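A.B. asks: Could you have a look at this structure, given as structure tokens, before my questions?
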Amino acid sequence: MTNDGHDTIRRDKGSPIRVMFLVGSLSTGGAERFVANVASNLDREKFQPYIALYRRDISYTVPDDVPIKVLGKFKPWHNIPAVFRLAQWIDEVRPDILLSAWSVPNVFASEALRWTRHKPFWIARIANDPEAREKALYGAWARAGYRRADAFIAVCEGLGHAFAAKYPFALGRIH
């Protein structure tokens, strides 16, 4: 393990970086399109993508070489078993990077990473105004989870500023 808590992955020189994406589905929506587009267009000599989905709802196409894991999250009572399925897959695949696609998958990723032995570099994608989305109990859960993120990707500069205003501890990690 490195000083920052991440596992050191020993790869042969030139081995692709394993990137696992977490999103609800590969159907309608910006986060879903983002995951499908990035996973489809990453240079396979440099990156090996993996996709974890809550449910097998696939409208956007991804290449056949992208492993997809369906976690079986359809209803709120499916959350706990699905979190453990994601944690198990993270430990099996040992991705170098975990990228969660928006607010709900961000919280889900945070919970799964609490239970993994392997600790990938976690990037939380910020795609919604946290002031509007992350309120009350869910907001407290999101705040606790975001403290564990290594980096944040905001889809626009204004959203990055809004995120930093709500979560000042994220300053310096928002891109």
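A.B. asks: Restricted to segment 61-86, and to residues that are of a type in the set (A, V, I, L, M, F, W, C) and in a loop (DSSP other than H, G, I, E, B), which residue is nearest to Phe34 (Cα to Cα)?
C.D. replies: Step by step, filter segment 61-86, then rank; the result is Val62.
A.B. asks: Any residue in segment 76-87 that's touching a residue at least 12 places away in the same chain (Cβ under 8 Å): show its pairings with residues that are among the β-branched types (Val, Ile, Thr) at Cβ separation under 9 Å, as long as the two are six or more apart or on different chains.
C.D. replies: Arg85/Val70; Leu86/Thr116; Ala87/Thr116
A.B. asks: Same structure again: I need the full set of residues from segment 156-171 which are open to solvent by less than 60 Å² (accessible area, probe 1.4 Å), aliphatic (A, V, I, L, M) and not in a helix (DSSP H, G or I), in order please.
C.D. replies: Answer for segment 156-171, where residues must be open to solvent by less than 60 Å² (accessible area, probe 1.4 Å), aliphatic (A, V, I, L, M) and not in a helix (DSSP H, G or I): there is none.
A.B. asks: Turning to a different aspect of this structure: In segment 130-155, what count of residues is obtained for those that are part of a loop (DSSP other than H, G, I, E, B) and open to solvent by 70 Å² or more (accessible area, probe 1.4 Å)?
C.D. replies: Summing the residues that are part of a loop (DSSP other than H, G, I, E, B) and open to solvent by 70 Å² or more (accessible area, probe 1.4 Å) in segment 130-155 gives 4.
A.B. asks: To continue, here is another question. Looking at Tyr54, Tyr50, Tyr60 in this structure, which one is over 16 Å from the mean Cα position of the chain (by Cα), in contact (Cβ under 8 Å) with a residue 12 or more places away in the chain and surrounded by 15 or more Cβ atoms within 10 Å (Cβ to Cβ)?
C.D. replies: After applying the criteria, what remains is Tyr60.
A.B. asks: Among the numbered criteria (1) within 24 Å of Lys69 (Cβ to Cβ); (2) open to solvent by 30 Å² or more (accessible area, probe 1.4 Å); (3) among the basic types (Lys, Arg), which one does Arg125 miss?
C.D. replies: Looking at each condition in turn, Arg125 falls short on (2).
A.B. asks: Name the one entry in Leu171, Leu113, Leu137 that is more than 23 Å from Gly30 (Cα to Cα) and at pLDDT below 95.
C.D. replies: Going through Leu171, Leu113, Leu137 in turn, just one is more than 23 Å from Gly30 (Cα to Cα) and at pLDDT below 95: Leu137.
A.B. asks: Further question on the same structure: Has segment 77-95 got at least one residue that is under 12 Å from the mean Cα position of the chain (by Cα), closer than 24 Å to Val155 by Cα and open to solvent by less than 30 Å² (accessible area, probe 1.4 Å)?
C.D. replies: Within segment 77-95, one or more residues are under 12 Å from the mean Cα position of the chain (by Cα), closer than 24 Å to Val155 by Cα and open to solvent by less than 30 Å² (accessible area, probe 1.4 Å).
The values are calculated or read from the model by the stated rules, or taken from the named source; none is laboratory data. Note that the structure is predicted; figures quoted are calculated from it, not measured. Virtual Cβ from ideal backbone geometry, glycine too; neighbours counted across all protein chains shown. Only protein heavy atoms, including side chains, enter the accessible area calculation; ligands, DNA and RNA are left aside. Shrake-Rupley method; radii C 1.70, N 1.55, O 1.52, S 1.80 Å.
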